[in-house]
1. HN-Hα J couplings of segment 44-54 from phi, Karplus 6.51/-1.76/1.60, θ = phi - 60°, integer Hz, Gly and Pro as x?
2. Considering amide H positions built from the backbone, and no H for Pro or chain starts, which residues 5 or more places from residue 500, or on another chain, come under 5 Å of its amide H?
3. Choose one of 99, 80, 50: the residue whose Cα lies farthest towards the positive end of the charge dipole of segment 39-107 (beta-carbon charges +1 Lys, Arg; -1 Asp, Glu; about the Cα centre).
4. 7 Å from Cα along Cα→Cβ at both residue 8 and residue 421: what's the point-to-point distance in nm?
5. Give, rounded to the nearest 20 debye, the magnitude of the charge dipole that segment 348-461 has about its Cα centre when Lys and Arg contribute +1 at Cβ and Asp and Glu contribute -1 at Cβ.
6. Any idea what the dipole of the chain comes to, in debye rounded to 20, about its Cα centre with Lys/Arg Cβ at +1 and Asp/Glu Cβ at -1?
7. Under 5 Å between amide H atoms, partner at least 5 residues away or on a different chain: which partners does residue 151 have, H built in plane at 1.01 Å?
8. Kindly flag which residue pairs out of 203/240; 424/528; 95/209; 198/313 have an alpha-carbon separation exceeding 22 Å in this structure.
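The values are calculated or read from the model by the stated rules, or taken from the named source; none is laboratory data. The model shown is predicted, which means the values in this text are computed figures rather than measured ones. Cβ coordinates were reconstructed from backbone atoms using ideal geometry, including for glycine residues, and neighbour counts include every protein chain displayed. Just so you know, the surface numbers come from the protein's heavy atoms only, side chains and all, with ligands and any DNA or RNA stripped out. Shrake-Rupley method; radii C 1.70, N 1.55, O 1.52, S 1.80 Å.
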Amino acid sequence: MTETTRESMEYDVVIVGAGPAGLSAAIRLKQLNADLNVVVLEKGSEVGAHILSGAVLDPSGLDALLPNWRDMGAPITVPVKQDNFYMLGEAGQLKIPNFVMPPLMNNHGNYIVSMGNVCRWMAEKAEEMGVEVFPGMACSDIVYGEDGAVKGVIAGEFGLKPDGTPSEGYEPGMELHGKYVLLGEGVRGSLSKKVIEKFDLAKDAQPQKYGLGMKEIWEIDPEKHREGTVTHTMGWPLGKNAGGGSFIYHLDNNQVYVGFVVHLNYQNPHLFPYMEFQRFKHHPMVAELLKGGKRIAYGARAITEGGWQSLPKTVFPGGALLGCSAGMVNVPRIKGNHNAMLSGKAAAEAAYAAIQDDRSSDMLDSYDAEVRNGPIGKDLKRVRNVKPLWSHYGLTASLAVGGFDMWTNNLFNFSALGTLKHGKSDADATGEASNFEPIDYPKPDGTLSFDRLTNVSFSMTNHEESQPAHLKLKDPDVPVNVNLPKYAGPSARYCPAGVYEFVMEEGKKTRFVINFQNCVHCKTCDIKDPSQNIDWTTPQGGDGPNYPNM
C-alpha cells in the first residue's frame with residue numbers, strides 16, 4: 001500500500017481536545033501573546049458534544065484563568081446551597097452528618113453546571129481571542145519528527161471503507177504541526193495512550209485506576225425540585241460487589257442530574273454496571289424524587305481514579321498531557337474539571353516560555369514540576385490514600401481510615417499511612433467466572449429504569465456505518481475462546497451502550513459482534529477487558545454521542 005500524502009499546516013501550539021483542559025491552554029496562550037498561532041482540534045460534532053461530567057464545579061481553575069468570568073456571561077449560575085451524604089440500604093438510608101466530613105468535601109462556593117455548556121462558552125471566548133477551534137476533526141495519529149519528538153497530529157481523515165481501504169470519497173486529512181502539541185483528550189485518550197507507551201511515561205507510576213460514570217438528566221415534579229442541592233450516596237445496590245456510589249444534583253429548570261459511578265476494579269465478571277445504575281433508581285428515596293418525572297438524556301464515560309500515585313510523567317519530547325489524559329481527578333470529591341483547567345493554564349505558560357526562548361519540540365519540564373508541586377499536586381496528594389483503602393479494604397475502612405487520613409492531611413499536611421499502592425490494573429483485577437455467583441438483575445420497568453439500547457438513543461449517538469469499526473481487536477479469537485469460557489464474556493455487561501454481544505449460532509455462543517454504532521466513547525472496554533484485547537481508536541470526526549447539556 002502506498003504511503004498517504006497529506007498537506008500540512010504549521011502552528012505554534014496544536015491542542016487536541018476542546019475540553020476544559022485544552023480550551024484553558026488555548027485561552028492562556030492568547031492571554032500571554034495574542035500573536036501566537038493556536039489551534040484546537042475536537043473529535044465531537046461540536047464543542048461539548050462529547051463532554052460528560054457530574055458536575056459540581058470548583059471554580060478555582062476558572063478563577064485563575066479568567067478572574068472576571070462572573071461578569072462574562074458564563075453558564076455557571078447555580079451555586080450549591082446544600083450538601084447531603086447518605087449511606088443506602090435496600091429499603092432505607094442513613095444520613096451522614098456534614099460535620100464529620102473533611103472540609104475538602106464541602107461544596108460551599110461550588111456550582112452545579114453542565115460542563116458541555118461551560119466548554120461551549122469557553123470555546124467562544126477562545127475564538128474571540130483568535131484561537132482556531134475545529135470541531136468534527138478527530139486526531140487519528142501522531143506525527144513524529146526526525147529526532148523522534150512529537151511534531152504534530154493527523155486530523156480529518158474521512159472516507160475509509162470498512163476494510164480500511166480508501167473509498168472514492170476518501171479525504172486523507174491533514175498534518176497539523178506545532179512547536180508543541182498538548183493532548184487534552186480526556187480519559188484514556190487514544191493519542192495519549194500512544195505517547196505514554198512510546199516514551200514510557202508511566203514507568204515510575206502506579207497502574208492507572210478507573211471508574212465508569214453513567215448519567216441521566218431528568219425533568220422532575222417542580223414540587224420536589226430543590227435548586228442547588230447536592231446529594232451523594234454510597235452502599236446499596238453495590239454492596240461488596242464493587243466500589244462506587246451515586247450523585248444527584250438539582251440544577252435549574254426543574255432538572256436533576258442523576259449519576260452512578262462503578263469502580264472498574266471489581267472482581268466479579270458477572271457484575272453489570274449499567275444495571276446497577278438502573279436498580280439504584282428504584283431505591284425508595286430516589287424513586288420518590290423521580291416519580292412523575294421523565295428522563296431526557298443519557299450518557300456514560302470513564303473516570304480516572306488513580307490520583308497522585310498514578311500520575312505518569314506529564315511531558316514528552318514535543319508536548320504534554322493535560323487534565324484527565326494524565327489523570328487529575330480528586331476521587332472523594334468526584335472533581336477534576338478545576339485541575340484540568342489549572343493544567344491547561346500551566347502547560348500554556350510552559351509552552352509560551354519555551355517559544356519565547358526559541359525552543360521547540362523539547363521537554364516542557366517546568367510544566368511537569370508545576371503539576372506535581374503546585375495546586376494540582378497538593379489537591380491530589382492529600383486524598384491519595386482514599387482509593388487504595390477502598391480497593392483493598394472496602395467501603396467501611398475507606399470511610400473510617402480514609403476520612404481520618406483526609407482530616408490529618410487537611411489539618412497537618414501529614415499522613416500516617418504514607419502513600420499506599422494501588423496494585424493490579426482494573427483489567428487484572430477481574431476474576432474468573434467460576435469463582436463467583438451470577439447476579440440476577442430485575443428487568444427495567446420502562447418508567448424509572450430502562451434497557452441500554454433505549455437509553456443510548458437518548459445520547460443522540462451516531463456513527464457512519466460504512467467506516468472501519470473504531471473498536472479494534474488485537475486477536476479476533478480471544479473473545480469467544482478466552483473471555484467467554486473464562487470470564488463469562490464480561491464485555492456484554494461492562495459496556496454501558498450495548499456495543500458487544502455474543503450471538504447464538506447452532507445452539508452455542510460462538511460469534512462475537514461489535515455494534516460500534518452504539519459506542520458513546522466511554523473507553524470502558526479499553527480499560528476493563530481482562531485480556532486487554534480491545535483497542536479504542538477514534539472514529540471519523542463528528543461521530544459519536546451528541547450530548548446537549550451533559
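1. Result, rounded to whole Hz: x, 5, 8, 4, x, 5, 10, 8, 9, 8, x.
2. Those qualifying (amide H under 5 Å, at least 5 residues apart or on another chain) are 515.
3. Farthest along the dipole direction, towards plus: 99.
4. Modelled inter-label distance: 4.3 nm.
5. On the way: 11 positive and 16 negative charges, 92 e Å.
Dipole about the Cα centre, nearest 20: 440 debye.
6. Its charge dipole is roughly 1980 debye.
7. 143, 144, 145
8. Beyond 22 Å between Cα atoms: 203/240; 95/209.
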